[in-house]
Structure formats: C-alpha cells, structure tokens
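Asks: One structure follows; several queries about it will come next.
All of the numbers you see were taken from the coordinates with simple rules; none came from a lab. Only a predicted model underlies this, so the values are computations on that prediction, with no experimental measurement involved. Glycine also receives a Cβ, built like all others from the backbone with ideal geometry; neighbour counts cover every protein chain displayed.
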Amino acid sequence: MTKPPKVLIVIPAYNEERNIGAVLDGIQKKAPGFPILVINDGSSDNTEKVVLEHNAEVISLPYNSGYGIALQTGFMYAVKNDFSIVVQMDSDGQHDPANINDLIEEVKKEGCDVVIGSRFLSKDSYKSSLVRHAGMLLFGGIASILCGRKVTDPTSGFQALKGQAIQFVASDNYPPDYPDADFIILLNRCGFKVKEIPVTMHASPEKESMHHGHKTIYYVFKMFLSIFVTLLRKSTKR
C-alpha cells in the first residue's frame, strides 16, 4: 500500500494576533490532521502566544526579515523533516482553508510540481482596489508572456508544492523579497510544471501586513526589478 504524502501547512505571520487564531481554527476544522507551522516574522504583538494556544508549531525569527525569508524558513523546515508536500497560505484570513485539500489533490498528480490557487478562476467575484487589480493584470500579463501560458493570479500566496519544488524554495534560488510573478517565471525557466486552480479568497483586512501593506509604487518597482534579475539569471534545470 502506498504511503500517503507527508503534508505541512506553512503560514508566515507578522503582527497577526487579531487574525491568526481564526485562521488556525479554520484549518483545523476544514482540513484537520495536517501539521501547521507558523513562521512568526519578528512580530511585536502576541502572534506567537496565540499560535501556541492553538496547538500549532511556531518558529519565531529574531527580527522582521520579510515575507520571502519567512516563507523560505518554513520550506527549509519541511526539507529537514522530510515533508513531501507543502501548502503555503497567508495569516490574515484571506485564503479559505476549505481549498487546502483541493490544492493537495491537484499537486499530487503526475506532471504537476506547483499548484497556485487563483481567485480569478473562481465563480465568486473577488473585490479589490482599482490600483491593486491593475497591478495583478499587469504582472499576470508579463508572467503569461514569459511563461508561454495564461497566468491569472501571479500574486497569489495560496499554493501547494511538492518534491523538488520544495527543495528549490529552500535553496538560494528563492526571491527573498516578493516571491510573486518573478517566482512563477523562475519556476517556469527551471522546468517546473505550474498549474492554477480556482479558490475562494476573501478581501484582505486593511492593516500592516507582511505582503500587502507595502507601498504600491515601491512594490511595483521592486517586482519589475526582480523580474528583470530573474531573466538575467542562468536557469537551473531540474
């Protein structure tokens, strides 16, 4: 009998004491049985305390290192502990835990290394600001051209990865700042098979966060720069 894959749920968190408890409750209710690892990225509030109260594992970084570094820390933990599938999701309640098993079942299939949950493939309408939606369309268009296939949601942090893709994120190849469209392009250049499936996403709270709280213009500049650097890099084939 084939052993079931060893799955880890990784959640980067920065000052999420108000939201992380509900996120963990949702996972434990809608996708029970999977170990959860929260990377507490130098939070100044009670994020770590709330996580421990919900019986989840936590790694607390000594200072705020950023979204990419926090995610990579979780993937390094996954490699060290022989997890075969990693599901990554945000800590602010934007991602619906009901879709966790959908991501897992899809990434288990042959010919698929990374599954990205797309809010724009779902029947549910996702509301966002005009500027943010324009940015998604812009980077989705760039990623689609460079990957040679349609990319609808390049900024989605709701993903499942397996095998060598997990090791890839845990390596020095991973973008440390904003692993969004640039990371999808990098995966494609390195020969990984990436697929999108529809998921439900809720509007992100207006607050300081790891991924969405950065100034829009700064984010756009950094993403363009990161994509440019990605294209200059020599691709590392699997």
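Asks: When ranked by the protection proxy of mean other Cβ atoms within 10 Å per residue, highest first, what sequence do the peptides 94-106, 46-58 form? Can you show the working numbers first?
Replies: Numbers: 94-106: 20.1, 46-58: 17.6.
Highest to lowest by the protection proxy: 94-106, 46-58.
Asks: Between their Cα atoms, which of Lys3/Lys162; Lys109/Lys150; Lys80/Lys109; Lys162/Lys195; Lys80/Lys195 are more than 22 Å away from each other? If you can, show how the numbers build up before the last one.
Replies: Values: Lys3/Lys162 15 Å; Lys109/Lys150 20 Å; Lys80/Lys109 24 Å; Lys162/Lys195 13 Å; Lys80/Lys195 26 Å.
In this structure, Lys80/Lys109; Lys80/Lys195 exceed 22 Å between Cα atoms.
Asks: Can you give the local net charge around Leu8? Use residues other than it whose beta-carbon is closer than 12 angstrom to its beta-carbon, Lys and Arg +1, Asp and Glu -1. All intermediate terms of the calculation are to be shown ahead of the outcome.
Replies: Details: positive: Lys6, Lys80, Lys162; negative: Glu57, Asp82.
Neighbour charge sum, excluding Leu8 itself: +1.
Asks: Spin-label point model (7 Å from Cα, Cβ direction): what's the Ser44 to Ile69 distance in nm?
Replies: 1.7 nm
Asks: I'd like the chymotrypsin sites (Phe, Trp or Tyr not before Pro) in segment 3-68 restricted to DSSP loop residues with at most 14 other Cβ atoms within 10 Å, sorted by number.
Replies: Of the chymotrypsin sites (Phe, Trp or Tyr not before Pro), the ones in loops of segment 3-68 whose Cβ has at most 14 other Cβ atoms within 10 Å are Tyr63.
Asks: Here's something else I'd like to know. Ignoring solvent entirely, what values of log10 I(q)/I(0) come out of the Debye formula for segment 61-103 at 0.27, 0.29, 0.30 Å⁻¹ when each Cα is a single scatterer?
Replies: The Cα Debye sum returns log10 ratios of -1.05, -1.07, -1.08.
Asks: Using θ = phi - 60° and the Karplus relation 6.51 cos²θ - 1.76 cosθ + 1.60, list the HN-Hα couplings for segment 20-35 in order, rounded to whole Hz, with x at every Gly or Pro.
Replies: 5, x, 5, 4, 5, 4, x, 5, 5, 8, 9, 9, x, x, 8, x
Asks: Students often check this: by mean Cβ neighbours within 10 Å, which of 156-167, 16-27 ranks highest, and how do the rest follow?
Replies: On the way: 156-167: 22.2, 16-27: 19.8.
Result, highest mean Cβ count within 10 Å first: 156-167, 16-27.
Asks: For segment 1-111, count all C-alpha to C-alpha pairs, find those more than 17 Å apart, and express that count as a whole percent of the total. Present the calculation step by step, with values, prior to reporting the outcome.
Replies: Working: 3135 of 6105 pairs.
Counting every Cα pair in segment 1-111, those more than 17 Å apart make up 51 percent.
Asks: So, by mean Cβ neighbours within 10 angstrom, what's the order for 30-36, 186-192 with the highest one leading? Display every interim value, and only then the final one.
Replies: Values: 30-36: 14.0, 186-192: 18.7.
For the peptides 30-36, 186-192, the packing ranking is 186-192, 30-36.
Asks: Still on this structure, please answer the following. Tally Lys and Arg at +1 and Asp and Glu at -1 over the other residues with C-beta under 9 Å from the C-beta of Ile197: what net charge comes out?
Replies: On the way: positive: Lys195; negative: Asp102, Glu106, Glu196.
Net charge around Ile197: -2.
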